[in-house]
1. Looking only at the range 139-156, filter to residues that are open to solvent by 100 Å² or more (accessible area, probe 1.4 Å) and not aromatic (Phe, Trp, Tyr); which one of those is farthest from Met176 (Cα to Cα)?
2. Any chance the range 45-67 includes a residue that's of a type in the set (Asp, Glu), assigned to a loop (DSSP other than H, G, I, E, B) and either touching a strand residue (DSSP E or B) at 6+ places or on another chain (Cβ under 6 Å) or farther than 30 Å from Gly122 by Cβ (or both)?
3. For the condition more than 30 Å from Ala88 (Cβ to Cβ) and at pLDDT 85 or above, what is the one hit in Asn54, Asn10, Asn43?
4. Filter the range 157-172 down to the residues that are within 37 Å of the chain's Cα centre (by Cα) and either of a type in the set (Asp, Glu) or open to solvent by 100 Å² or more (accessible area, probe 1.4 Å) (or both) and list them by number.
5. Please name all residue pairs, on different chains or six or more residues apart, with Cβ atoms under 8 Å, provided the first residue is in the range 50-62 and is farther than 14 Å from Phe33 by Cβ and the second residue is open to solvent by 90 Å² or more (accessible area, probe 1.4 Å).
6. List pairs: first residue in the range 146-175 and over 24 Å from Ala135 (Cα atoms), second residue outside any loop (DSSP other than H, G, I, E, B) and aliphatic (A, V, I, L, M) anywhere in the structure, Cβ distance under 9 angstrom, at least six positions apart or on different chains.
Amino acid sequence: SGTGPVTIGNTSAGAVSVTSGTTVALASTNNTFSITSGTGTINVGADSTAHTLNVGNTTGATAVNVNSGSGGVTVTTATSGNFDVNSAGTVQLDAAGNMLLNSSAGTINIGNNAVAQNMNIGTGAAARVITIGNATGATAVDINAGSAGFNVSTATSGNVDFTSAGTIQMDATGNMLL
């Protein structure tokens, strides 16, 4: 105790263990708190007991930063555990390389909550080719619209092309204007 530092260490090849039958609190008031292990792995809650791990808090300007080198960042849930990201502000995903969103055992839903907000895809001011669907097997692209309709438009002299190896069919319950 006192005002000086407290060091728990082991100069031999053995491990250092701190155990308690109750809460173990490690704290640093208004100073940096570091846990380092050289090139060794740092495990937190890695035993075979179910845990809830909390990092950070929602007080004021609290921030949680996760940084990684070339080894990347992996988040894994086992069995039926969900991976939820909730924000009172914007959730932004950005990559210098490809961005992939896949599911091996379920439907991929985007904008499937019953919330009346617009969705933008490829609306940044850059020339892009936006591809939806593929021509493999029985793949289909189904576009549905409510009473506001469905609009296809091009700027300046762009063409609208419909190409099919089969029949191009257009039906209307009202007038069809071409």
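The values are calculated or read from the model by the stated rules, or taken from the named source; none is laboratory data. If you're wondering where the values come from, they're calculated on a predicted model, not measured in any experiment. Note that we place each Cβ from the backbone using ideal geometry, even for glycine, and neighbour counts take in every protein chain shown. Accessible surface is based on the protein model in full, side chains and every heavy atom, while ligands, DNA and RNA are left aside. Shrake-Rupley method; radii C 1.70, N 1.55, O 1.52, S 1.80 Å.
1. Step one: list which residues in the range 139-156 are open to solvent by 100 Å² or more (accessible area, probe 1.4 Å), which gives 142-144, 147-148, 150-151, 156.
Of the ones still in play, those that are also not aromatic (Phe, Trp, Tyr) are 142-144, 147-148, 151, 156.
Numbers: Asp142: 20, Ile143: 19, Asn144: 18, Ser147: 16, Ala148: 17, Asn151: 14, Thr156: 24 Å.
It comes out as Thr156.
2. In the first step, residues of the range 45-67 are kept if they are of a type in the set (Asp, Glu); the result is 47.
Next, from what is left, pick out any that are assigned to a loop (DSSP other than H, G, I, E, B): 47.
Going one step further and asking which of them are either touching a strand residue (DSSP E or B) at 6+ places or on another chain (Cβ under 6 Å) or farther than 30 Å from Gly122 by Cβ (or both), we end up with 47.
There is at least one residue in the range 45-67 that is of a type in the set (Asp, Glu), assigned to a loop (DSSP other than H, G, I, E, B) and either touching a strand residue (DSSP E or B) at 6+ places or on another chain (Cβ under 6 Å) or farther than 30 Å from Gly122 by Cβ (or both).
3. On the way: Asn54 fails: more than 30 Å from Ala88 (Cβ to Cβ); Asn10 fails: at pLDDT 85 or above.
Matching residue, one of Asn54, Asn10, Asn43: Asn43.
4. Of all residues in the range 157-172, those within 37 Å of the chain's Cα centre (by Cα) come to 158-164.
Selection gives Asn159, Asp161, Phe162, Thr163.
5. Leu53/Val44
6. Partner pairs satisfying both residue conditions: none exist.
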